[in-house]
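Remarks on the structure that follows.
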Amino acid sequence: MASIHIPPALRKYTQGEEEVSVGGGNVAEVLRNLESKYPGIQERILDDSGAVRRFVNIFVADEDIRFLDNLSTAVKDSDEVSIVPAIAGG
Amino acid sequence: MNTVLQSPAPPAGAALALSLGKRSLRTPMGSVLDLVGNTPLVRLTRIEVECPGVQLWGKAEFCNPGGSVKDRAASRIIRDALARGDLRDGVRLLDSTSGNTGIAYSMVGAALGVPITLVMPENVSIPRKQITRTYGTELVFSDPMEGSDGAILLARKLATEYPDRYYYPNQYANDSNWLAHYDGTAMEIWAQTHGTVTHFVTGVGTSGTVIGTSRRLHELNPAIRCIAMQPDDAWHGLEGLKHIPSSLVPPIYDEQVLDETIWMPTDEGWDMSERLAREEALFVGHSSGANVAAALRIAKRCCAAGQEGVIVTVLCDRGERYFGPLVWEKHYVW
């Protein structure tokens, strides 16, 4: 299972966990499995049309999925997936 | 007009002023720091058309020499610290910043010969890192996953560990921050609207702009509605703004000064930034978009109640500051 790095603003869904493990062959599957384990988290990451929200970046092994295959980007068990706000805040 | 300005022997002052029509000529300045503040107020005619009887105005803070509203606070913070003797020889100014304050500190530091060290989350855009470094500023990076609060905590730690090396002004707790707007922004808005301003609204970052401006406007006329805008959620994309309920609360933030808070979704702010570029030819950042979106909400409310109004908000910075890393940079290093 890949390990998913959860940013502080979304840790309320993971009971404070910074890093969680979920299965899935690509990013879309990983997010679906993340949602079934931590209900509510997926809609913070994806918009109503199912696309990654404009201000959210997802990295698979340090590569932005926008420049790979987006939600179809393959995820290996050894990969680290990071969900990062595009901005730094105040 | 260009012909007059480019002529080898400029005409006398009176003739030149005449050629500029109703606009008054700026006084020549001795330092870039004299260009901070006294920003234009620009009417948002194509946005306000939705609300007949209500005027919408934007304070063009992107006209500051460092490119953002943050020039005001940085300039006041550093000048006050020098006057108190906090920034003595051999001491560097150290603070945490997501970008605009860092650029402002860097500019003021270069102008006054004060060395600057900034702590910023690693994921601030590359252009911001490059701009601050160009002024000679030293950068220290904090964990990108921990956001601006992570930068605050690291700055505090460094300041505590090396008290002889650093002066830590802490923009979130520094009275010079809100005083810059109490003495500057608010008085300018009052004068530029000839005292007719009815509403002031702007986003909360350190809260210096909204608190300082609102405090003074309320003193000038308690009937002016002063409204803060915050992202509607901890998980947001309005750079520079803080969702206070989930953040370290800035000590200068004082809810007593505010009449109301508007909670702004990221998409509404981003959409308004794009609209401002297309319809008003104002290419401004997302926080400006969110500010105008909040101002438009108030305008619609006034309109629905059959009230007239003069609503002022802040155009914090220019949009090109946000090109990277969203679009142009492929690789991230941290």
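Counting only DSSP H runs of at least 4 residues, each contributing -39500 (n - 2.57), and dividing by the residue count of chain A, the helix-based mean residue ellipticity at 222 nm comes to -4500 deg cm²/dmol.
In a shell of Cβ-Cβ distance under 12 Å around B:Ala73, excluding B:Ala73 itself, what net charge do Lys and Arg (+1) and Asp and Glu (-1) give? Intermediate results must be reported in sequence, preceding the final value.
Values: positive: B:Lys70, B:Arg72, B:Arg76, B:Arg79; negative: B:Glu61, B:Asp71, B:Asp80, B:Asp95, B:Asp175, B:Asp183.
Neighbour charge sum, excluding B:Ala73 itself: -2.
Since only B:Asn177, B:Ala151, B:Gln230 are under comparison, the one whose Cα sits farthest along the positive direction of the charge dipole of chain B, derived from C-beta charges on Lys, Arg, Asp and Glu, is B:Asn177.
What percent does the relative contact order of chain B come to when contacts are Cα pairs within less than 8 Å and at least six residues apart? This gives 19 percent for chain B.
Of all DSSP beta bridges located in region B:202-334, what percent are antiparallel, nearest 5?
Close to 10 percent.
Can you tell me how region B:231-312 classifies by the Cα gyration tensor, rounded, prolate or oblate, using a/c under 1.5 as the rounded cut? Note, shape of region B:231-312 comes out oblate. If the Kirkwood radius is taken over C-alpha pairs of region B:166-276, then at 37 °C and 0.692 mPa s the Stokes-Einstein diffusion coefficient equals 224 µm²/s. Under 5 Å between amide hydrogens, built in the peptide plane, is the criterion, and for A:Asn26 it picks out A:Val75 among residues at least 5 positions away or on other chains. For region A:2-85, rounded, prolate or oblate, judged on the Cα gyration tensor with a ≥ b ≥ c (square roots of eigenvalues), a/c < 1.5 rounded, else prolate if a/b > b/c? Rounded is the answer for region A:2-85, as its axis ratio a/c remains below 1.5. Normalised by the number of residues in region B:87-153, the mean separation of alpha-carbon contacts (under 8 Å, six or more apart) gives a relative contact order of 36 percent. Across all Cα pairs in region B:70-167, the calculated P(r) in 10 Å bins from zero up to the longest distance comes to 18, 51, 29, 2 percent per bin.
If you take all other residues with their beta carbon under 14 Å from the beta carbon of B:Cys51, and give Lys and Arg +1 and Asp and Glu -1, the sum is +2. Shown for chain B: cysteine residues without a partner Cβ closer than 4.7 Å, namely B:Cys63, B:Cys226, B:Cys302, B:Cys316. Applying a DSSP loop filter and a limit of 14 other Cβ atoms within 10 Å to the GluC sites (Glu not before Pro) in region B:29-122 leaves B:Glu50. Listed cross-link partners B:Lys59/B:Lys157; B:Lys129/B:Lys242; A:Lys12/B:Lys242; A:Lys12/A:Lys37 are compared with a 25 Å cut-off, the Cα-Cα value being larger for B:Lys59/B:Lys157.
Where both bridge residues fall in the protein assembly as shown, DSSP classifies roughly 35% of the beta bridges as antiparallel.
Taking a ≥ b ≥ c as the square roots of the eigenvalues of the Cα gyration tensor, the protein assembly as shown is classed as prolate, since a/c reaches at least 1.5 and a/b is larger than b/c.
Can you give the % of DSSP beta bridges in region B:27-150 that are antiparallel, to the nearest 5? Given both bridge residues lie in region B:27-150, the antiparallel proportion sits at roughly 25 percent.
What number comes out for the charge environment of A:Arg11, summing +1 per Lys or Arg and -1 per Asp or Glu over other residues with Cβ under 9 Å away?
-1
Bear in mind that the values in this text are calculations on the coordinates, not laboratory data. Please read all numbers here as calculations on a predicted model, not as lab measurements. Neighbour counts are summed over all protein chains in view; Cβ atoms, including those assigned to glycine, are modelled from backbone coordinates with ideal geometry.
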